[in-house]
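First comes the structure, then the notes that go with it.
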Amino acid sequence: MPSQVLLRWMIQQPGVAAVPKSSNEQRIGENIDVFDFSLDDDEVRRIGALARPDGRVSKASWAPQWDV
């Protein structure tokens, strides 16, 4: 799942504390399942390269005006 890959990417970043939150049992399980794999250096680099100069990796169409 993309959310698991992104959570794993965050976990592998030095100095970053990833704190996932969910009340959905399935999602909680998915959040825990990120410890049975890791991303290689190229995958970490490629995901990191998605960052934009304004600090946003993505902009959801439903994001509040203050969050754009």
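Read the figures in this text as sums done on the coordinates, not as results from a lab. Note that the structure is predicted; figures quoted are calculated from it, not measured. FYI the Cβ positions are ideal-geometry reconstructions off the backbone, even for glycines, and counts take in every protein chain you see.
Across the range 8-35, what is the total count of residues that are within 22 Å of Gly48 (Cβ to Cβ) and either of a type outside the set (D, E, K, R) or assigned to a loop (DSSP other than H, G, I, E, B) (or both)?
Number satisfying all stated conditions: 15.
Leu39: part of a loop (DSSP other than H, G, I, E, B), hydrophobic (A, V, I, L, M, F, W, C) and surrounded by 13 or more Cβ atoms within 10 Å (Cβ to Cβ), yes or no?
yes
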